[in-house]
Every structure is written in C-alpha cells, then in structure tokens.
Amino acid sequence: MVVLIDCDNFFASCERVMQPQYAKRPVVVLSNNDGCVIARSNEAKAAGVTMGQPYFMCSELLEKIGAGVFSANFLLYRHFAKRLQGIFQTLPAQSIDIYSIDESFIEFKDEQISDPILWGTTLRKLILDWTGIPVSIGMAPSRALAKVATRMAKKNPTGVGILKRDDHHSELFLKSTDIADVWGIGRKLAPKFKMLGVVTAWDLTQIELSNPIMNIIDKPMKELIFQLKGWNVAPQETKLRQSIRRSRSFSYNVNDSEGIRSSLVDFSSQVAAKLRDKQLYTNHLKLAIYKKIPHSIRGVGKYYEETFDWTNDVFIFSQVAERAAKKLYVAGESYTRAMVYCDNLKIDQQLSIEHDHTEALKKSSLLNAIYELESLYGAAGPQIATKLLSSKWKGKKQLESPYNHAAWNKLPPVQAG
C-alpha cells in the first residue's frame, strides 16, 4: 500500500497557522520579488486567482475580496515541513520518501492498514492537531495511482481517497480524470496523447504492450502506465544532473561592491548546498554579473570561470565568488542580475595524492556540523559573513510575515484566557 500525504495549499496554510485571523479568508503567497502568485487558498482559487498570475494583474481583485497577501517566507515553510516529517518518522512504515516540501510517499504492508478510511482520517486529524496544516491522503497500490487518489481525496469530505486495482469505483474515477491531470503528463504532453485517442487516465491504463504507442514512448512513461494499472514499479534510478545554476534578478539595481560580493557568495553557497543535497561534486564554477543597459531587461553579462579540485565545500565556493566579484565589478556601473553555475558534476569526490587526508577528514566533520545547523535553523544558522554585507539586492518581500520558528523574538505571542 502506497500512501501519499499531500499538504493542502501548503504555503498559504502555513501563513494561516501563524495568523489565524485569515483562517476563513482568501490567502495568496507571492514569489520572492512579490512578482506573481505561487500559492492560493481555496477561497482565492474560487475567486479566480490563477497560479503564476502577476500580482499587479490581480491586486485589485485580492483587495476587493479582502485577501491576505504575503511574500514567500520559505524559512517558515521549511520549519513546518520538518514538523510534518517528524510525524511521518513515528509511523511503522516500510519506507518514507520526502518527495517535495509538501508531499511524501509512505509505503506500508497491506495488512498494516485494515480500515483505510479510519486510518487516513485519524492521521489527518493528528497532523492537523499537531501542526495546523490540512492534508489530503491518497492510498493505492502504486505511486502514480496514489497521486491520482489525492485528487479524489480533495473532492472527498473525509480528505481521503482510495484507488484499488480492478475496482469499479476506481475505474470510474480514472475515466473522469483528464490525461493532463496525470502525474508525469501535464499540459505539454497531454495534446500529443489526445491526438492518439488517449484522453483520460483510464485510456492510458488500456494501452497494451503490443500497441505501437509503446514503441515511441520512453521507459519512465512505460513505468507510469504500469503504475496506473496498479503495479508498483520501483522508482527510476535518479539520472545524474549535468549542471546546477542559481540566478536571480536584483530587486533594485546594484552599484556597490558589497552588493555584488554578497549576491555572488550567497548564490555560490546555494549551489554548494544543492550539490551536498544530491551528494555531487564539481571542479568548475562559472559566475556572472549583468550590467544594466538601455532597453534591455537582462542586461549584458560579464563572466568569470575557475577550475579547482573536486569539492562541494561552501568555503571554497565562497572564495571563488569573492575573486569573481573583485574581477567583475566596476565602480560606477549598475548591475541587474547575478548568476553562479557549475557543470562537470560527479558523484565521487576525487582528491589528489597531495591532499592531507587527515586534515580533509577534520574539515569534513566541521562542514557536516555546519550543514546540520543550516538544515535545522536555515537563515538563523551559521552564515558566510560576506552574505550579510548587503541585502538590498534580495527579493523585495514587502509583505513577508514576520515569523521564524528559529528565533524567539519572531514567534507570535500567546495569551492564556
């Protein structure tokens, strides 16, 4: 039995927990620069606010319906995700896969869940009581079916959806599910399938191995079909990433060296964190800053590249970023964007024979301690000092909620009646 726990409107729900006055009001969360909508409560959806809609296009509507509008507060959302994951760890599961910040796949033996509806509703209540976050729970024999089952759960008053192999009710729901709403298909692939007569999720399950369509689709898509049929095919081995990039336009034009240094070190730290998360190493960084020119949004880029021994050490990346800032920045010029990019990625760190391996082990222990503190406390944890030189280049976040679970002075006050 595969159980998918999907947080409902996760970012908006987190904001509501911290500010209960918005519990029944529409809520939207905006992207880093307050540019567009990245999360909506059900009330905001019903009012016509769409995902990705530019804020300036819906600001009047949001004001008219009395919506709470917040800049993204990712540190807060990560803290809620940690709490949810703590609950999942207490379950007697065979495996737990944190698929994303708001979705987790948990596998159980069939005999462990004798009454799926009772089990699911009990777990939903537990999560709501302990975290304040509403969730939808989908249960099925495979991941792809569990994903579809969460769509059923969102339409069900119990918040629990169950799909079974060779079940009449499951067949009816798959027949009512548009192919574009199937995990792994989406809006881009859906038209191609519809041209072949595959219109619903059920149609996808009816494709036989002998069908010519099977000759023109890739292995992951074949596994998706098997999973929709109810067979829990093991997840594909993750393909090695070819590159990692961190780039963002500045909130304001930057014309001081502190801003350039801060942004490049910040982005290089994020690239290092992504490498660590994927257990990857690189020996090459490319950094750039983009100069403002008339009639251009992106500007003209100036680049700096450096090759070094294989690593994902944030301190080495920061030193490269400092050298890049010194080389690229020109006083008096105005910059609109920065970028840090690495390629030539490998899984195994390759140390040269000149390395002091004892010293490398000591440094590895130090870095692991720092990374653990970062994962626990986010921006409130240890930071490269250069990152704190300037913040004016960062996202505007003029509407960010003030809450941070890692700082006592950022917690909301509680009064006993």
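The values are calculated or read from the model by the stated rules, or taken from the named source; none is laboratory data. Source: prediction; values computed, not measured. Counting neighbours? That spans all protein chains shown, and the Cβs are built from the backbone with ideal geometry, glycine included.
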Margin query: Residue under question is residue 327, and the condition is that it be assigned to a helix (DSSP H, G or I), modelled with pLDDT under 90 and either within 24 Å of residue 277 (Cβ to Cβ) or in contact with a strand residue (DSSP E or B) (Cβ under 7 Å, 6 or more places away or on another chain) (or both); does it hold?
Written below: no
Checklist line | Any hit, the range 340-361, residues being at pLDDT below 95, part of a helix (DSSP H, G or I), among the hydroxyl-bearing types (Ser, Thr, Tyr) and over 32 Å from the mean Cα position of the chain (by Cα) | finding: yes
Item checked: Residue that is surrounded by the most Cβ atoms within 10 Å (Cβ to Cβ) [pool: residues in the range 22-45 that are assigned to a helix (DSSP H, G or I) and touching a residue at least 12 places away in the same chain (Cβ under 8 Å)] -> 44
Next item on the list: Tell me which residues, restricted to the range 124-144, are part of a helix (DSSP H, G or I) and in contact (Cβ under 8 Å) with a residue 24 or more places away in the chain.
Entry: 124, 126, 127, 130, 131, 143, 144
Checklist line | the range 149-185: number of residues that are buried (at least 21 other Cβ atoms within 10 Å of the Cβ), modelled with pLDDT of 90 or more and among the polar types (S, T, N, Q) | finding: 1
Item checked: Test result for residue 116, out of contact with any Asp or Glu (no Cβ under 9 Å at 6 or more places or on another chain), farther than 12 Å from residue 4 by Cα and either among the hydroxyl-bearing types (Ser, Thr, Tyr) or surrounded by fewer than 12 Cβ atoms within 10 Å (Cβ to Cβ) (or both) -> no
Next item on the list: Go through the range 202-245 residue by residue and tally those that are modelled with pLDDT under 70 and either among the charged types (D, E, K, R) or farther than 17 Å from residue 182 by Cβ (or both).
Entry: 9
Checklist line | Hits in the range 186-202 - residues which are crowded, with 18+ Cβ neighbours inside 10 Å and under 19 Å from residue 218 (Cβ atoms) | finding: 193, 198, 201
Notebook entry, point to check: Going by the structure shown, is residue 60 outside any loop (DSSP other than H, G, I, E, B), surrounded by 17 or more Cβ atoms within 10 Å (Cβ to Cβ) and not small (Gly, Ala, Ser)?
Noted result: no
Check: When you look at residue 147, is it farther than 23 Å from residue 86 by Cβ, in contact with a Pro (Cβ under 9 Å, 6 or more places away or on another chain) and either in a strand (DSSP E or B) or in contact (Cβ under 8 Å) with a residue 12 or more places away in the chain (or both), yes or no?
Finding: no
